[in-house]
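Colleague: Once you've had a glance at the structure underneath, I'll fire off some questions.
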Amino acid sequence: MASQAEFKVRKDKDGKYSWHLQAANNRIVCWSGQGYHNKQDCMNELYWIKENAAAIPVYDYTGER
């Protein structure tokens, strides 16, 4: 088991690249949601998320307090 969360980049059987974030308990907590033909496009999205995640607001639409 990983000692910390890590981003992983994969290539599927169709040759498309994708990423996912795996928590320390091995659960996948988020993923790219699509495959990329170009590995650099996949990496660009991943690094954009890493650089901007803290500044992205969180909105609660549950209506609960």
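Colleague: In region 17-50, how many residues are on the phi > 0 side of the Ramachandran plot and in contact with an Asp or Glu (Cβ under 7 Å, 6 or more places away or on another chain)?
Modeller: Residues of region 17-50 that are on the phi > 0 side of the Ramachandran plot, as a first pass: 26, 33.
Applying the additional criterion that residues be in contact with an Asp or Glu (Cβ under 7 Å, 6 or more places away or on another chain) yields none.
Matching residues across region 17-50 total 0.
Colleague: Answer yes or no as to whether residue 21 is without any contact (Cβ under 8 Å) to a residue 40 or more places away in the chain, assigned to a strand (DSSP E or B) and surrounded by 10 or more Cβ atoms within 10 Å (Cβ to Cβ).
Modeller: Yes: the conditions hold for residue 21.
Colleague: Separate question: Go through (1) in contact (Cβ under 8 Å) with a residue 24 or more places away in the chain; (2) in contact with a helix residue (DSSP H, G or I) (Cβ under 7 Å, 6 or more places away or on another chain) one by one and return the number of the condition residue 26 breaks.
Modeller: (2)
Colleague: Further question on the same structure: Given the criteria surrounded by 10 or more Cβ atoms within 10 Å (Cβ to Cβ) and either touching a His at 6+ places or on another chain (Cβ under 6 Å) or among the hydroxyl-bearing types (Ser, Thr, Tyr) (or both), does residue 61 qualify?
Modeller: no
Colleague: May I pose another question? Go through region 5-26 and count every residue that is aromatic (Phe, Trp, Tyr) and within 12 Å of residue 38 (Cβ to Cβ).
Modeller: Just the residues of region 5-26 that are aromatic (Phe, Trp, Tyr), to begin with: 7, 17, 19.
With within 12 Å of residue 38 (Cβ to Cβ) added as a condition, the list becomes 17.
Counting residues in region 5-26 that are aromatic (Phe, Trp, Tyr) and within 12 Å of residue 38 (Cβ to Cβ) gives 1.
Here, each number is a calculation from the coordinates, and none is a lab measurement. Note that the structure is a prediction, hence the values are computed from the model and not measured. All Cβ positions, even for glycine, are placed from backbone atoms using ideal geometry, and neighbour counts span all protein chains on display.
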